[in-house]
Amino acid sequence: VAGGCVRIEVQPGAEDIAVVVSFLPRSGGELRGAFGSLASLTGAQRLVCSLEPGASGMQRICLTLPRLPRRLVLVLEDNASAVELYRRYLAESSEWEIIAAPSANAALQMAVEKQVAVIVLDLLMPEKDGWQVLQALRALPETAKIPILVCSVFDEADLASALGASAFLKKPVSRDQFLSALRTCYSVRQRLKHNQA
């Protein structure tokens, strides 16, 4: 690059992020070679890359990266304060999004319909307790492999694991514990998918 002048801009959009690199090429050959290599690499990754002329002989390479959809976390918890706490924990996350189920039956239906990444389950529930919901989720073929994180005031990690929970947290749960457990649950799911492929 002539004169070593390179400018990089990041332009976030609602559905994608554009990275624009502006530079002054030494020659047309250098420009074609650099862009050709980049276009091959980005094309293989199904990314959009374009070359545009800029001001004063500068050239602009624009790389558009799609935003990854946030992973859905289905929370079945009858305590509205706990649901709100989990929402606050994930408020700044670009990785996770919480949806809350109003009842055990709704949770079973939402788990199938919404393609959730992780289910967070409390044990104390008014109509069906968490143990019943956990067993029902594991019995359904559509939900059997969805990771389940049990969060409870009771220290029942061994029983939760025996009934099919992927992870267990004793309340109160900190933000770091919650995020770490979600990532652990999701990585277990990814490993299972990879092993089945």
Amide H proximity to M125 below 5 Å, modelled H, separation 5+ or other chain, gives G130
Span per principal axis, largest first, for the Cα atoms of the chain (Å): 71, 36, 26
How much accessible area per residue does region 36-166 have, counting only protein heavy atoms and a probe of 1.4 Å, in square angstrom? 54 Å²
Selection from S93, A165, M58 lying farthest towards where the dipole of the chain points positive, charges on Cβ: M58
Excluding ligands, DNA and RNA, the carbon-plus-sulfur percentage of the accessible area of the chain with a 1.4 Å probe reads 54 percent
Please list the non-local residues whose amide H lies under 5 Å from the amide H of V48, H modeled 1.01 Å from N, same-chain partners needing a gap of 5 or more. T64
Please get the size of the charge dipole for the chain, origin at its Cα centre, with Cβ charges of +1 on Lys and Arg and -1 on Asp and Glu, quoted in debye to the nearest 20. 740 debye
Take every Cα pair under 8 Å in the chain that's 6+ residues apart, average their separations, divide by the length, and report that relative contact order as a whole percent. 14 percent
Dipole of region 76-197 [Lys/Arg +1, Asp/Glu -1 at C-beta], most positive-end residue of V133, A144, V120: A144
Given springs between every Cα pair under 10 Å in a Gaussian network model of the chain, which of V120, V19, V133 has the largest fluctuation? V19
Total lysine pairs whose alpha carbons fall under 22 Å of each other in the chain (8 or more apart, or interchain): 7
Between helix 130-139 and the chain: long-axis angle, C-alpha atoms, 0 to 90°, nearest 10: 60 degrees
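The values are calculated or read from the model by the stated rules, or taken from the named source; none is laboratory data. The structure displayed is predicted, hence computed values, not measured ones. Virtual Cβ from ideal backbone geometry, glycine too; neighbours counted across all protein chains shown. When the accessible area is computed, the model is the full protein with side chains, heavy atoms only, and any ligands, DNA or RNA have been set aside. Shrake-Rupley method; radii C 1.70, N 1.55, O 1.52, S 1.80 Å.
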